[in-house]
Amino acid sequence: MTIRKVLGGVAMAALVVTGLAGTSASAEETKLRIQTHYAPESVSGKLAQQYVDNVQAMSNGEIQIEMFFSSSVVKSVETFDAAATGILDCDMTGGAYQTGKNPAFQFVGDIMGGYDTPYQQLSWLYYGGGIDAAAELYNKFGMELIGWWVYGQESFASTKPIAKVDDFKDWKFRSPPGLETKIFEKLGAKPIVMDFTEVFTALESGIIDGSDISAIANNKSMGVYDLPKVKYANYPGFHSMPSDHLACNKAKFDSMPAHHQRIMKVAMESLALRTALTFEKANAEAAAALREQGVTLSEWSAEEKAKFREAALSAWGDFATTDEAKALVESHTAYLKQLGLVK
């Protein structure tokens, strides 16, 4: 072997090493701290962890996420602000917690009386102009909406039949504050705002006739239908379908490489599909088990659901007191007409 060949080989090896070193140095890293209100052992908590695993794997480890479950850093309602101010990087709770900032968040957090399925609601976000309308709202508060994950319609738990709108007359039930109370007051019900921790005692003592908690699978797992008086529910639900979100500090998100941003958003679309499919199965299984348990499940007719939706849309108008809220209501209404859900 000649000296020239030896030197050439050494030079080539040096170039390869230099190239590898350059590749390593150019690999961009993103570190995120995300909080969710879900417990790690819950169905939604496990799905959130799956999202984290997918993002880290698809980015080949360039995106590293520290996940905080069960609102372990700040309270659930404070997560959005904690991300906006840099205490956290991202909020994985839901927009409905932020209606105090702007009632428009109601219409990206829980569009009550709107869509029938998670797929319709997600289609508004991605194909009905929702993502642009929502982005404007989130950006105003220094946040970027990454996407939604929607687990489906919620069901009531009740000590009395709830098979039609007329059954709501004088029906006392646990309700979250805000838009829901306005809708049900229009229907003659008596919503009572109380914490989840008070629901079981209130049902047992007769302070309330029913409660709005969550999807029927979650309600069953919590044991609410094990209470002797609670023998009624509705399934599938119709009144509430919360949109959990992932929203990140806008400055942080804007500083991320474009391929990291794309991974985060596409992974959210995967999470949305997995969430809807997971809960569709879990809710069906819970409904079957409750029927065997002797719980009466009422499936509302299209006519009765239309009555509720009419009351809900009327309350939307009352609640939409800002330009952003009005714009979102107009967007939803137009899309609901396109889907044939309202006339």
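The values are calculated or read from the model by the stated rules, or taken from the named source; none is laboratory data. Here the structure is a predicted model, which is why all the values come from computation and not from measurement. Cβ atoms come from the backbone with ideal geometry, glycine included; neighbour counts cover every protein chain shown.
Checked against (1) farther than 18 Å from residue 319 by Cβ; (2) surrounded by 20 or more Cβ atoms within 10 Å (Cβ to Cβ), residue 108 meets all criteria but (1).
Okay, residues lined up against (1) outside any helix (DSSP H, G or I); (2) out of contact with any strand residue (DSSP E or B) (no Cβ under 6 Å at 6 or more places or on another chain); (3) closer than 22 Å to residue 118 by Cβ; (4) modelled with pLDDT of 95 or more:
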site	(1), (2), (3), (4)
236	yes, yes, yes, no
259	no, yes, no, yes
264	no, no, yes, yes
273	no, yes, yes, yes
279	no, yes, yes, no
285	no, yes, yes, yes
300	yes, yes, yes, no
314	no, yes, no, no
317	no, yes, no, no
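On the basis of being polar (S, T, N, Q) and surrounded by fewer than 15 Cβ atoms within 10 Å (Cβ to Cβ), does residue 255 make the cut? Answer is yes for this residue. The strands (runs of 3 or more DSSP E) found entirely in region 125-191 that carry 1 or more residues being in contact with a Lys or Arg (Cβ under 7 Å, 6 or more places away or on another chain) and at negative phi are 143-150, 172-175.
Restricting attention to region 319-332, the residues that are farther than 29 Å from residue 44 by Cβ and assigned to a helix (DSSP H, G or I) add up to 4.
Only one of the listed residues (129, 114, 100) is at pLDDT below 95 and surrounded by 20 or more Cβ atoms within 10 Å (Cβ to Cβ). That residue is 114. Flag: residue 307 does not match the condition of being within 29 Å of residue 141 (Cα to Cα) and of a type in the set (Lys, Arg). Residue 71 meets each of the listed conditions (1) under 16 Å from the mean Cα position of the chain (by Cα); (2) in a strand (DSSP E or B) apart from (2). The requirement of being under 27 Å from the mean Cα position of the chain (by Cα), at pLDDT 95 or above, surrounded by fewer than 18 Cβ atoms within 10 Å (Cβ to Cβ) and under 30 Å from residue 88 (Cα atoms) is not satisfied by residue 196. Which ones in region 34-66 are more than 17 Å from the chain's Cα centre (by Cα), buried (at least 19 other Cβ atoms within 10 Å of the Cβ) and not small (Gly, Ala, Ser)? Once the filter is applied, which keeps residues that are more than 17 Å from the chain's Cα centre (by Cα), buried (at least 19 other Cβ atoms within 10 Å of the Cβ) and not small (Gly, Ala, Ser), region 34-66 yields 55, 63, 65. Residues in region 127-158 that are free of Cβ contacts under 8 Å to residues at least 12 places away in the same chain and under 24 Å from residue 89 (Cβ atoms): 2 in all.
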